[in-house]
1. Can you compute the helix-only [θ] at 222 nm over the chain? Use -39500 (n - 2.57) per DSSP H run of at least 4 residues, normalise by all residues, nearest 500 deg cm²/dmol.
2. How far is helix 44-65 tilted, in degrees, relative to the longest principal axis of the Cα atoms in the chain, given as a value from 0 to 90 rounded to the nearest 10?
3. Pop a pseudo-label 7 angstrom from the Cα along the beta-carbon direction at both residue 69 and residue 111 and give the gap in nm to one decimal.
4. Could you tell me the calculated FRET efficiency between residue 84 and residue 150, based on Cβ-Cβ distance and R0 = 22 angstrom, to the nearest 0.05?
5. Using only alpha carbon pairs under 8 Å that are at least six residues apart, calculate the relative contact order of region 2-165 and give it in whole percent.
Amino acid sequence: MIQALRQVARGFALLGAAVALATGILAVVSIIGRAVWHRPIPGDVELTQFGIALAISLGLPWCQLRKANIIVDFFTQRLSPRRLQWLDGIGALLLSAMCALLAWRSAVGAVAVHQAFETSMILSLPMWWVYASLAPGLALAALVALVQALAHFAGRPLDAAAQEAA
């Protein structure tokens, strides 16, 4: 299961990187168009906002799986490894709850803006696409954090369990 979770998270991260790259290229082309021909890409700001939001949500599961979040350990440096493990478990559980809440609200928001026929201001793109596209990354981040929390509480951090499964 952990290997499958790792593969899906990696796939999401690679897709997120591709979206971020495409968004960057879009921004460069628009800036050049604005500077040289006085013609930017219409809706470039909207597309940049949508693209970067999607890229971030797709990268969150991989970031959490790799423990690449910022850790402030000033107050916990002298704690025992077991207490640190419990604190990591609590942190992962809280992150799981937050990401699950965000995924749920993104999905609910997608339905609401779809029913309201809300569109973006310049390109008139359906806004529900944006909300709906955020939910899978957030849901996967919630699942990764939950699995990590359970592993910490069981006394087997995910790294050790992943090595055994490999």
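Laboratory data are not the source of any read-out in this text; all were calculated from the coordinates shown. Note that the coordinates shown come from a computational prediction; the quantities given were computed from them, not determined experimentally. In this analysis, Cβ positions are derived from the backbone assuming ideal geometry, glycine residues included, and neighbour counts consider all displayed protein chains.
1. Taken over the chain, the calculation gives -27500 deg cm²/dmol.
2. The angle comes out near 10 degrees.
3. 2.7 nm
4. It comes out at approximately 0.85.
5. Details: 193 pairs, mean separation 47.4, N = 164.
For region 2-165, the relative contact order is 29 percent.
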